[in-house]
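The values are calculated or read from the model by the stated rules, or taken from the named source; none is laboratory data. The model shown is predicted, which means the values in this text are computed figures rather than measured ones. Backbone-built Cβ (ideal geometry, glycine too); neighbour counts: all protein chains shown.
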Amino acid sequence: MVPPPTLFGRRDQRSGVDGPPGPRRYDGGRGKGPHLPQDCDTPPVRRQGRLWPQSNEALADLSRAIELDPQYIWAFAERGQTYQLMERYDKAVADYTRFIELDPQSALVFAFRGWIFKQIRRYEEALADFTHAIELDPQYAWAIADRGQTYRIIERYDEALTDLNRAIELNPQYSQAINARGQLYEEMERYDEVLVDLNRAIELDPQYAFAIANRSQLYERMKRYDKALADLDRAIELDPRDVYTASRTEILRLMGERREAYGTPGVLSAGLASHDATPGTFDT
């Protein structure tokens, strides 16, 4: 599963603290952490309750703060996230690394650096950072889930499933982790469990476009094209991406081929129903 919500300009879920913790101090702010789904758009940066655009102005202010105080740990963290949201990953890694040098006890920043390593396909470094974050905070559901996603990418499926199960155990409402486990089940060819997880993720978050698009893709593979099209239309309504539009064109093409094969719409419907009636598999 992706830049995250803001690191430090929100209420920490454990400490209850708003914004940065002080001019020269940061308490680690581990919280439950953000979720960084692979599908999410880049949000703006929040600082002390107001939104900052991803802009050179923000970077200039943070850089000036660091110039004035090279030990200003919060400024390194906030600038690192600004770079992360702008996908300037080398600079984000540099700032997070400097933060870690100043405060090696921050599970949150280890996890954020791990997420960047995952994005740039430095998977072993990502796993090391996620693991370190989890050692610092064994209840850190987001880091556990994203380590599971990293294991999935490198096809270490058993370890991926262990992590995703643990993240969901810690937070049963964690729709992104449930969606990720559904994707993993598909790769493991445990098809009976895929649709269960995708349905659950969408039930928890009816506006979760990525999960809806994943379910559409699953329906397409099952040749349940009407359901696939309905889901994809909903995903496009929520998140109009080019890739979703291209998938919609493909579904319409497949529906046209099926219509030609079965003749009239009534026969088409009957054909779809008979084709999809596989006992015990993917029933909704």
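The figures follow:
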quantity: Selection status of E189, surrounded by fewer than 20 Cβ atoms within 10 Å (Cβ to Cβ) and over 27 Å from R259 (Cβ atoms); calculated: yes
quantity: Region 131-172, residues that are over 21 Å from E187 (Cβ atoms) and polar (S, T, N, Q); calculated: T131, Q139, N171
quantity: Answer from G114, G182 - the residue that is touching a Leu at 6+ places or on another chain (Cβ under 8 Å) and assigned by TED's automatic domain parsing to the domain that holds Y96; calculated: G114
quantity: Number of the condition not met by R121 [criteria: (1) surrounded by fewer than 17 Cβ atoms within 10 Å (Cβ to Cβ); (2) at negative phi; (3) at pLDDT 95 or above; (4) out of contact with any Lys or Arg (no Cβ under 8 Å at 6 or more places or on another chain)]; calculated: (2)
quantity: The lone exception for L51 - which of (1) at pLDDT 65 or above; (2) more than 17 Å from the chain's Cα centre (by Cα); (3) farther than 24 Å from I144 by Cα it fails; calculated: (1)
quantity: Top-ranked residue in region 97-117 [being under 19 Å from A160 (Cβ atoms) and buried (at least 24 other Cβ atoms within 10 Å of the Cβ); ranked as nearest to the chain's Cα centre (by Cα)]; calculated: W115
quantity: Count of residues meeting criterion [part of a helix (DSSP H, G or I) and among the polar types (S, T, N, Q)] in region 97-109; calculated: 1
quantity: Residues of region 169-193 that turn out to be part of a helix (DSSP H, G or I) and more than 19 Å from L218 (Cβ to Cβ), as a count; calculated: 2
quantity: Search result, residues across region 217-232 that are in a helix (DSSP H, G or I) and farther than 13 Å from M255 by Cβ; calculated: Q217, L218, R221, D231
quantity: Answer residue from region 84-96, given it is of a type in the set (D, E, K, R) and either in contact with a Cys (Cβ under 8 Å, 6 or more places away or on another chain) or part of a helix (DSSP H, G or I) (or both) and is surrounded by the most Cβ atoms within 10 Å (Cβ to Cβ) among those; calculated: D95
